[in-house]
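Just so it is clear, none of the values below were taken in a lab; they were calculated from the coordinates. In this text the structure is predicted, and so the values were computed from the model without any measurement. A quick note on method: Cβ atoms are made from the backbone with ideal geometry, for glycine too, and the neighbour counts reach across all protein chains shown.
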Amino acid sequence: MLFTLLLWTSASNAQTPAADSKVLGNLDDVVAKVLAEWKVPGLSVAVVKNGQVIYAKGFGYRDVEKKLPVTTDTLFAIGSVSKSFTSLMFAVLNDEGKVDWDQPVRTYLPTFQILDPVATDHATARDLLSHRTGMPGHDLIWYSSNFSREDLFDRMKYLKSNKEFRQGYEYCNLMVMTVGYLEGRVANSSWEELVRTRIFQPLDMRNSNFSVTDSQKSADFSQPYSLKKDVVTKVPFKNIDAIGPAGSINSSINDMSRYLVFQLGDGTYNGKKIVSPANLKLVHTGQTAMTGLPELFTQNGLGPMTYAMGWVDTTFRGHHMVWHNGGIDGFHSLLTMLPEDKVGVVILSNMSSNVSLEAIAYSAFDRLLGLPQDRWTDRYKAAQEKMKKEDEEEKKKEHPTAKSGTQPSHSLADFAGEYTNPAYGMVKIVQQGNDLTIALNQIGPYPFSRLHYDIFEVPEKSDSLFAGTKGQFHMNTEGDIDRLAMPLEPTLPEDIVFRRVVEKKK
């Protein structure tokens, strides 16, 4: 029953104001196929050509249980597409002479610090926005916690890089958050207020906001969904206000289509200047070569990719393409455009990790450019299945066999306690019967079973964020358990170490 319902589209939600929309042909059928084959509850699509929105529609449901349809005003989380708003805001401030792309961040934020002293002293907004500081994600710091933006900024001084400064691409949400934090400090405001007044308002983005808390106060917002064991399941909203400049914006297809029209223009909207043409072009221009990407993102007629500032710079079947996608719990989005061809597509959906959106966008581009129509949905489905199979095979190779006959160095009770890391926060280990549980800040608790010796793991088959994660307890020279080491940033060669909180004697 669910699959039939997911094919439903409301004609009352459709907006196809220009005759140019006819060139899109059966794009509705492509969307319907995506909804069915990827089990997407709902999504909305807008297509822009030559400064006009030629197609804007809602498909499926924003709330499956209540059978509420997606409209062109339905709010979705846009995830990392928010980064382009942060780079645009810096460009606006640069036009006003308040900031410089190539001045060290410490010029504006003197307390900016990470463990790499070279990056600390020399990193610029251009470096942070183009992910070339050498700092890896360290995403569990913000994802697991309720740390404030200021707190996250202060904790970065303890974070290790895994590349030399300006020696490679390392995607890091914390760096983009820092640029937004900088913007607010320089303007004696906040990132949210700056984007609201300098971008949302002039673009008439009336329904957009910065928090899923605000979205749920709207009369038209989408619930978040994910596939769990191949079943569409509603998941909790994830509040990511603290990391906001890197991913917290929520918007509708009507609002995002205006943003897309602006991004394809000359820095003005309805005759009002927002940013200089030079700076608008600059944020679209590649700065850092992207290497080691999954095949899913490097095939299908796409050229080599470089990260710009809040955008990815590449080609689509020989045409210059600028794009970014975004995902957070229960939502996935895509904004992609061909600047020289003056066409673009934006798609918002309520399904996590939804790579099918590219299939819709590229099908639209084929039609807009008059190219032979490829079977994008089939190609992406095959690529996704191949990657899934490879991941499963890799997990089988990596999963160690427990060494038999080993014993822990201490009783379970001796492992229980609180362990802290100055960046990541607190891990809490609790004994429950003959086993342990683990929680990191606000995530967990999860089962934490002994594998062998003093090494424990969250079961590989558990339905948790930490599935398969291992941790090793260590003791001091007095024989007491005093540390827990875990590979929470997989790109680093060493584990993240949490030190036991010593209980005060009464």
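Evaluating kT/(6 pi eta Rh) at 10 °C and 1.306 mPa s, with the Kirkwood radius of the stretch 234-365 over Cα pairs in the Stokes-Einstein relation, gives 100 µm² s⁻¹.
With R₀ set to 30 Å, the beta-carbon distance separating Asp378 from Thr291 gives a calculated FRET efficiency near 0.60. Once the chain from Ser148 to Thr268 is taken as fully extended at 0.36 nm per residue, the excess over their C-alpha distance is 39.8 nm. Between the Cα long axis of helix 376-398 and the first principal axis of the chain there is an angle of about 10°, rounded to the nearest 10.
How far is helix 253-263 tilted off the main Cα axis of the chain, in degrees rounded to 10, range 0 to 90? Approximately 80 degrees, to the nearest 10.
Going 7 Å from the Cα of Glu390 toward and past its Cβ, which residues in the stretch 341-382 have a backbone nitrogen under 20 Å from where you end up? Under cut-off, by backbone N: 353-359, 376-382.
Relative to one another, the C-alpha centroids of the stretch 135-179 and the stretch 339-385 are positioned 31 Å apart. Charge dipole (Cα centre; +1 on Lys/Arg Cβ, -1 on Asp/Glu Cβ; no other charges) of the stretch 99-175 amounts to roughly 100 debye. As a length-normalised measure over Cα pairs under 8 Å and 6 or more apart, the relative contact order of the chain settles at 16 percent. In sequence order, the stretch 23-33 has phi-based couplings of 5, 6, x, 8, 4, 4, 5, 5, 4, 4, 5 Hz under the Karplus curve 6.51 cos²θ - 1.76 cosθ + 1.60, θ = phi - 60°, and Gly or Pro positions carry x. Scalar couplings 3J(HN,Hα) for the stretch 350-366, obtained by applying the Karplus form with A = 6.51, B = -1.76, C = 1.60 to θ = phi - 60°, are 10, 9, 4, 6, 9, 6, 5, 4, 4, 4, 5, 4, 6, 5, 5, 4, 3 Hz; x denotes Gly and Pro. Taking the centroid of alpha carbons for each part, the stretch 317-333 and the stretch 450-506 are 36 Å apart. Under 16 Å of direct C-alpha separation, and excluding same-chain neighbours fewer than eight residues apart, Lys272 reaches these aspartates and glutamates: Asp95, Glu96, Asp204.
All C-alpha pair distances within the chain, sorted into 10 Å bins from zero, spread as 4, 18, 27, 26, 16, 6, 2, 0 percent across the bins. Sequence-distant contacts, meaning Cα pairs under 8 Å at least 6 residues apart, place the relative contact order of the stretch 99-175 at 40 percent.
Post the alpha-carbon centroid distance, the stretch 222-254 to the stretch 81-117, in whole angstrom. Cα centres, the stretch 222-254 to the stretch 81-117: 27 Å. Step through the table entries Lys342/Lys381; Lys403/Lys470; Lys229/Lys470; Lys157/Lys217; Lys217/Lys238; Lys160/Lys229, compare each Cα-Cα distance with 26 Å, and write down the pairs that go over it. Violating the 26 Å limit, Cα to Cα: Lys342/Lys381; Lys157/Lys217; Lys160/Lys229.
Over the stretch 300-454, one equal point on each Cα, no solvent: what is log10 I(q)/I(0) by the Debye formula at q = 0.09, 0.19, 0.21 Å⁻¹? Debye curve over Cα of the stretch 300-454, log10 I(q)/I(0) at q = 0.09, 0.19, 0.21 Å⁻¹: -0.55, -1.18, -1.33.
Counting only aspartates and glutamates at least 8 places from Lys386 when in the same chain, those with an alpha carbon closer than 18 Å to its own are Glu37, Asp230, Glu295, Glu358, Asp378, Glu394.
Highest mean packing first, where packing is the average number of other Cβ atoms within 10 Å per residue, the peptides 474-486, 314-326 line up as 314-326, 474-486. The ranking of Ser161, Ser248 from fewest to most other beta carbons within 10 Å of each one's beta carbon is Ser161, Ser248. Across the options Leu227, Ser80, Leu465, the greatest Cα extent toward the positive end of the charge dipole of the chain (unit charges at beta carbon of Lys, Arg, Asp, Glu) belongs to Leu227.
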